[in-house]
Amino acid sequence: MALHLLGQGGAEIGKIDTWPGGGSAPTSAWTPGLIFADSYLLPIESGAAAPSLTRLDLGFWDGDPADQLPIAAPNGERLSAVTFTVGRVVPSRSPQFAPAIVEGSLFEYGIALLGVEVGEGGVFTLYWQTAQPIPADYTVFVHLLDANGNQVAQADAPPLAGDWPTSAWVPGQPFADPRRFALPSGLAAGRYTLNLGFYDPASGARLLAFRADASEWQADVVVIGGIEIK
């Protein structure tokens, strides 16, 4: 049996190849319909990227790890593995950040935009923190506008590309959410505006957004001007 623990970006952060029951419950002795508990301790690599949900990838092999037994879903669809979300990995210490653009806008559920860092080639990083648990998973929308207010690029996605959904966030613990704009060819260097916020992917409804002085942002869109694109 192969138990592979996957973290941020699908990277393997721990694994065990063993026999069911640690060898005491060989599959040839299983009784049809009988359910039994099979517990394992799966160490996580010290260098695992955090924060992230952790997913357990389960499979069986015969003789060679490359010789995987076939897996079928209840509907008969062929699967490469069975994967479960089993927890989350977080930094042992709360990280400290000093973004170039300090923001301070607040969203529903105590979500704070701590700041923004702009890199080259459309790379930028958002810094988030929540003051309380968040009951659902929301998508971050990020739009880049030119001086005429025209949208030239966007980078909408769940935080950390889905590896750290809002429902998993740890209150009080900040984290960096790097993103990349697919900038159009020939885009002129200069100053642009960043519009961002959160929305429910099912309904499209946005989370309320407030400035640092508690006034609500128009249309619940945080506007950050002076974004330098080189």
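Odds and ends about this structure:
- When Leu160 is tested against (1) buried (at least 16 other Cβ atoms within 10 Å of the Cβ); (2) of a type outside the set (Asp, Glu); (3) outside any strand (DSSP E or B); (4) free of Cβ contacts under 8 Å to residues at least 40 places away in the same chain, exactly one condition is not met: (4).
- From Leu34, Leu53, Leu42, Leu79, residue being without any contact (Cβ under 8 Å) to a residue 12 or more places away in the chain and within 26 Å of Ser167 (Cβ to Cβ): Leu79
- Looking only at residues of region 213-228 that are at negative phi, free of Cβ contacts under 8 Å to residues at least 60 places away in the same chain and of a type in the set (A, V, I, L, M, F, W, C), we find that the one that is most open to solvent (accessible area, probe 1.4 Å) is Val223.
- The residue of region 91-135 that is least open to solvent (accessible area, probe 1.4 Å), among those that are in contact with a Phe, Trp or Tyr (Cβ under 9 Å, 6 or more places away or on another chain) and under 30 Å from Leu41 (Cα atoms), is Ile134.
- Of the strands (runs of 3 or more DSSP E) lying entirely inside region 1-85, those containing at least 3 residues that are open to solvent by less than 70 Å² (accessible area, probe 1.4 Å) are 2-6, 12-17, 52-59.
- Within region 169-212, restricting attention to residues that are in contact with a Leu (Cβ under 7 Å, 6 or more places away or on another chain) and among the polar types (S, T, N, Q), the residue that is surrounded by the most Cβ atoms within 10 Å (Cβ to Cβ) is Asn195.
The values are calculated or read from the model by the stated rules, or taken from the named source; none is laboratory data. All values reported here derive from a predicted model rather than from experimental measurement. Here Cβ is always computed from backbone atoms with ideal geometry, including for glycine, and neighbour counts include all displayed protein chains. Ligands, DNA and RNA are excluded from the accessible area calculation, which covers all protein heavy atoms including side chains. Shrake-Rupley method; radii C 1.70, N 1.55, O 1.52, S 1.80 Å.
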